[in-house]
Amino acid sequence: MADSDNEYASDDELKRGGKRTADGRSKQTKASWEDVKRSWDTVLETADSGLSIAEIREAEKRRRLLRDTTPLQRGIIRHLMLVLDMSFAMADKDLLPNRYRVVLDNAIGFVREYFEQNPISQLGIVGMRDGIAVRISDLSGNPAEHIEKLMQWSEQQDPQGNPSLQNALQMCRGALYQTPSHATREVLIIYGALVSIDPGDIHDTINDLVADRIRVSVVGLAGQVAICTELCKRTNNHGGNYSVAIDEVHLKELFFAATTPPVTRTPEQNTASLLMMGFPSRTLAPKDHVSYCACHAKPTREGYTCPRCGIKVCRLPIDCPICKLTLIQSTHLARSYHHLFPLKVFVEVPWSQASRSTACYSCLTPFPTGPRDTVAAAPAVLGGKSGAASKGGKQQDGGDQQKNPPKPELKGVSESGRYACQVCGNHFCIDCDVFAHETIHNCPGCQSDIREPEQNTAVAVPDGGPTPMMVDS
């Protein structure tokens, strides 16, 4: 009997667009529904709907920026242990394809964002499965190592067994116990189960965490658990940092909220102390001169030499393996300071002040010249009525003129599409507003400000010339 594998195409495949080649084999093509163009993604404001998709997206972007920008004392040198639930509960498919894959994907993005926002901090990853805690990656400042370990677990391991919250906390406590006192000690737990199989009394472990000044935050996936609430309250001075995600977008927001350093409120952490750091220069040896780095014991030509002991390391930031001196670059230190002095939130610009600018100061995108007009005909997907909209904002339907319903108010959204810096006063679009606050953490207008001091200056003239003219700047 001849082998007939890959020669049969089911009716479902043919309905989806599957075709047969000349030799009778089925040829897989993309299903028609995979290229659906959703009309509601491009819908504009209508006389009946009141809001456009563009405005809703703009409101979502502004919601992430509307936060308190009061300068507070924070620990910019952090030691964080990330605990991931890898038990049977992570196989649920309320988050597609399942909780396990979604959490691991967000964990990879969190590692990148964490070291982008905290370049002189360190991170370690622990997993909970089969009633024990497994160490995924050690506490270090190299994001590539953490991402590589997470990808290996994503490809080779599946969620199984029960979680053990106490074992995970004990492993994190052991990893953070030797960290210096000037750095923060934090634990972030992504918890998907409603049970915990612990070998002893977890309240004793909580007491040890409080004594060691280790802060614990929990992000739940299934529901609120009483022991997690008590854990967060006691380790955060009764402040609590326990949240439950309602969907995938909310989970990512709670995940990435941990990239901001916590506020130091305890008297022990508020005391100022000096920390010695080294700023080594990059060196490149000739081709015939290859030496081993002290951090990985690998032969390399390039590296950084410790200014105290002279040992070579291959990456920064890192603690010198010999003399324990913290080795960083000046750019790492500068990128950490934006948490201490956050950029002020840009304010909305009303139409009465919109005439000052015609385009974004940063990207030169043209601004709308007047209030946004309504579309003459509403799409059918919104149930809108077709008809011409008059200038007075009324719509004629069967000879009757009815006023438009009041437009819903979106918090933080500018009616003119302009957002002004509170310092330099320049106007920016919403995309530049988000980029300035989430990426560069500086105002482009303030950084390029070339205004002269507000004082009278004299213009120099040759000797014997007329009296100098006073210029009012």
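The values are calculated or read from the model by the stated rules, or taken from the named source; none is laboratory data. The structure displayed is predicted, hence computed values, not measured ones. Neighbour counts are summed over all protein chains in view; Cβ atoms, including those assigned to glycine, are modelled from backbone coordinates with ideal geometry. Just so you know, the surface numbers come from the protein's heavy atoms only, side chains and all, with ligands and any DNA or RNA stripped out. Shrake-Rupley method; radii C 1.70, N 1.55, O 1.52, S 1.80 Å.
Here are the numbers:
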| quantity | calculated |
| --- | --- |
| Counted charge near Val423, where neighbours are those whose Cβ lies closer than 9 Å (Asp, Glu -1; Lys, Arg +1) | 0 |
| Accessible surface of region 113-254 [probe 1.4 Å, protein heavy atoms]: carbon and sulfur percent | 45 percent |
| Within-15-Å neighbourhood charge of Thr300 [Cβ basis; K, R +1; D, E -1] | +4 |
| Net charge, Gln117 excluded, C-beta distance under 12 Å - Lys, Arg +1, Asp, Glu -1 | +1 |
| Sequence of Ile77, Ile322 when ordered by accessible area, the most exposed leading, probe 1.4 angstrom | Ile322, Ile77 |
| Cα gyration tensor shape for region 139-241, rounded if a/c is under 1.5, else prolate or oblate | oblate |
| Computed over region 201-342: relative contact order in percent, which uses C-alpha pairs under 8 Å that are six or more apart | 14 percent |
| Solvent exposure ordering (accessible area, 1.4 Å, most first) of Arg74, Arg99, Arg356 | Arg356, Arg74, Arg99 |
